[in-house]
Amino acid sequence: MKKNMGNTDKAIRTLIALIIAALSYFEFITGIFGNILLVLAIILLVTSLINFCPLYKLLGINTCKTKNS
């Protein structure tokens with residue numbers, strides 16, 4: 001897997017995942033909707049940790065800055 005996510009993208013995904021987790025923990029979101037959002041939060045967190053988004057790959061998006069040598 002080639003890196004296709006930049007630092008800003010990773011930070012935004014991590015922040016959104018943490019917000020969803022907090023909302024779920026404090027029971028602001030519950031039920032099926034809460035579970036769906038938790039799955040989304042896990043996906044966002046995992047993709048930010050591995051620096052790769054499969055959806056970006058399919059759409060040809062790359063937010064990772066590369067250095068020109």
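The values are calculated or read from the model by the stated rules, or taken from the named source; none is laboratory data. These numbers come from a predicted model, not from an experiment. These accessible areas exclude ligands, DNA and RNA; they are computed on the full protein's heavy atoms, side chains included. Shrake-Rupley method; radii C 1.70, N 1.55, O 1.52, S 1.80 Å.
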Here's a check for you: in the stretch 1-23, which residue that is at pLDDT 95 or above and small (Gly, Ala, Ser) is nearest to Thr63 (Cα to Cα)? Ala11
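Show me the helices (runs of 4 or more DSSP H) entirely contained within the chain in which 3 or more residues are at negative phi and open to solvent by less than 90 Å² (accessible area, probe 1.4 Å). Break it down into steps so the answer makes sense when it comes.
Values: elements: 7-25, 31-50, 54-59.
Of the helices (runs of 4 or more DSSP H) lying wholly inside the chain, those with at least 3 residues that are at negative phi and open to solvent by less than 90 Å² (accessible area, probe 1.4 Å) span 7-25, 31-50.
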